[in-house]
Amino acid sequence: MFLSSVGFSIVIMSIWPYLHKIDQTADASFLGWVIASFSLGQMVASPLFGLWSNYRPRREPLIVSIFISVAANCLYAYVHVPAAHNKYYMLMARALMGFGAGNVAVVRSYIAGATSLEERTGSMANTSTCQALGFILGPVFQTCFVLIGEKGVTWDTIKLQINMYTAPVLLGAFLGILNIILIITILREHRVNDSGQQCKNTNFEEASTDEPHILQRNIDQVAVVATNVLFFVVLFIFALFETILTPLTMDMYGWTQEQAVLYGGIILAALGVEAVVIFMGVKLLSKTIGERAALLGGLTVVLAGFLILLPWGSQLPKVQWEDLHNNSVPNTTFGETIIGLWKSASERQNEPPTGCPVEQAWCLYTPVIHLAQLLTSAGLLGIGYPACNVMSYTLYSKIIGPRPQGVYMGWLTASGSGARILGPVFISHVYTYLGPRWAFSLVCGIVVLTITLLGVVYKRLVAFSVRHGGIQG
């Protein structure tokens, strides 16, 4: 999970300049499709790899999926070679990267099958910690590759350009190969039941000979669907917060695009470090109060974070009266916000005035969100999000029980991918036309409904073995 996360996050900040360099016809709208294609690919692949892992050794879908990611990284490094339609090759490469990332479902399924109920929360938290560290360190490595420069070096024999844009994906391909070697040499099929007793593994038919009286029981599908919804909302909320952070700070505080991206990046990096701490701490907390209570507490903290983010008081933000485009949501797409990172020095000299553009009517009457509010809200989200994240899919794996969980984990991963697509779309449109008060009020409403849903199904969110009397809860 760590190597895969690094391989993904290491290319994020270089997508736009590379796309613009290889194909001048690519615009910000197409950039949005390139970014979204990863989640779309993962959403399609997750159930497929999960189904595969139910009936075959898990190393097979893992190796194949990582090989697809390696091939996609290599394609990404060569998209400059075709004479035309380069942007579509990049779109294909990113979609294939997402398709390969569908192996997250297999990893979670493996952990669920290889751990007892007592071990599972800690193992899931450790996995999330490794994933979070990968997402934090990836952009750091990307920054180091900037030293190579745009020109870099060219290996003419194989038409390979090694520069600040291609070096990250080549490292990602190398990490993928390293991952495959580790899987072949170290990973062993291992399955235990919820009590920790060794079982046969690989598929349902073999497993059923060990514990037929348990496997004949039905999974609580209401709890399964409810947990999918809870997981979707958790990722939906964090995705929309990441999306709105840059335009919100530009509109509220009059920051330039460079300032918004820099300070926003620092905030998100701090949240990543905070998440690592929370992932480790939640293991101990869940042993004391249980996963359900930890999930409820996390959602409550998230709700508090968005309540604090609501505009209060009488001070208004600085308004940009001219008919200018400062890359805030109403005049740009998410892709255009990314583009601003790579403006030339001459373009920066002509940077337009900052502030909340008058085209957004709400700028004239909506109170400013103070920086202290934003930082406090971000800190609370940094506590609530990781707790909800790991608790939701830990509960999910326990609800499913001793059966092979590949397909179920595939659907859970797919719901998370869908949330990362829909969250930014939702917040950008509501924020643009109605402003932060309506946007964050609606988010608060969604969280309240989610807490209500959790309350309704609270007693059903129990481990399969506990529900059917195999283990005392």
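The values are calculated or read from the model by the stated rules, or taken from the named source; none is laboratory data. Quick caveat, the model's predicted, so the values are computed rather than measured. Glycine gets a Cβ as well: all are built from the backbone with ideal geometry, and neighbour counts include every protein chain shown. Surface accessibility is based on the protein's heavy atoms, side chains included, excluding ligands, DNA and RNA. Shrake-Rupley method; radii C 1.70, N 1.55, O 1.52, S 1.80 Å.
Scanning region 182-219 for residues that are at pLDDT 75 or above and not in a loop (DSSP other than H, G, I, E, B) yields Leu182, Ile183, Ile184, Thr185.
Pairs linking a residue in region 240-251 that is within 9 Å of Cys356 (Cα to Cα) to a residue that is at pLDDT below 85 and basic (Lys, Arg), with Cβ atoms under 9 Å and 6 or more positions apart or on different chains, are Asp251/Lys318. The set of residues in region 255-294 that are over 30 Å from Tyr396 (Cβ atoms) and either touching a helix residue (DSSP H, G or I) at 6+ places or on another chain (Cβ under 9 Å) or at pLDDT 85 or above (or both) comprises Trp255, Thr256, Gln257, Glu258, Gln259, Ala260, Val261, Tyr263, Gly264, Gly265.
Mind listing whichever residues of region 257-277 are over 20 Å from Thr129 (Cα atoms), open to solvent by 40 Å² or more (accessible area, probe 1.4 Å) and not charged (D, E, K, R)? The answer is Gln259, Leu262, Tyr263. Restricting Val222, Val234 to those that are modelled with pLDDT of 65 or more, open to solvent by 20 Å² or more (accessible area, probe 1.4 Å) and hydrophobic (A, V, I, L, M, F, W, C) reduces the list to Val222. Condition check for Thr366 on (1) polar (S, T, N, Q); (2) assigned to a helix (DSSP H, G or I); (3) touching a residue at least 12 places away in the same chain (Cβ under 8 Å): one failure, at (2).
If you check Leu19 against the conditions, is it in the same structural domain as Ile186 (by the TED database), open to solvent by less than 10 Å² (accessible area, probe 1.4 Å) and aliphatic (A, V, I, L, M)? So Leu19 passes the test.
Only one of these is within 20 Å of the chain's Cα centre (by Cα) and either under 23 Å from Leu371 (Cβ atoms) or in a helix (DSSP H, G or I) (or both): Thr249, Thr243. Name it. On inspection, the qualifying residue turns out to be Thr243. If you go through region 278-320 and pick out every residue that is free of Cβ contacts under 8 Å to residues at least 12 places away in the same chain, exposed (fewer than 14 other Cβ atoms within 10 Å of the Cβ) and among the hydrophobic types (A, V, I, L, M, F, W, C), you end up with 2. Do we have Ala72 as in contact (Cβ under 8 Å) with a residue 24 or more places away in the chain, touching a Leu at 6+ places or on another chain (Cβ under 8 Å) and crowded, with 21+ Cβ neighbours inside 10 Å here? Judged against the criteria, Ala72 is a match.
Within region 140-179, being among the hydroxyl-bearing types (Ser, Thr, Tyr) and either within 17 Å of Cys74 (Cα to Cα) or open to solvent by less than 50 Å² (accessible area, probe 1.4 Å) (or both) holds for Thr154, Thr157, Tyr165, Thr166. With respect to (1) at pLDDT below 75; (2) over 14 Å from Gly100 (Cβ atoms); (3) crowded, with 19+ Cβ neighbours inside 10 Å; (4) aliphatic (A, V, I, L, M), the lone exception for Ile12 is condition (3).
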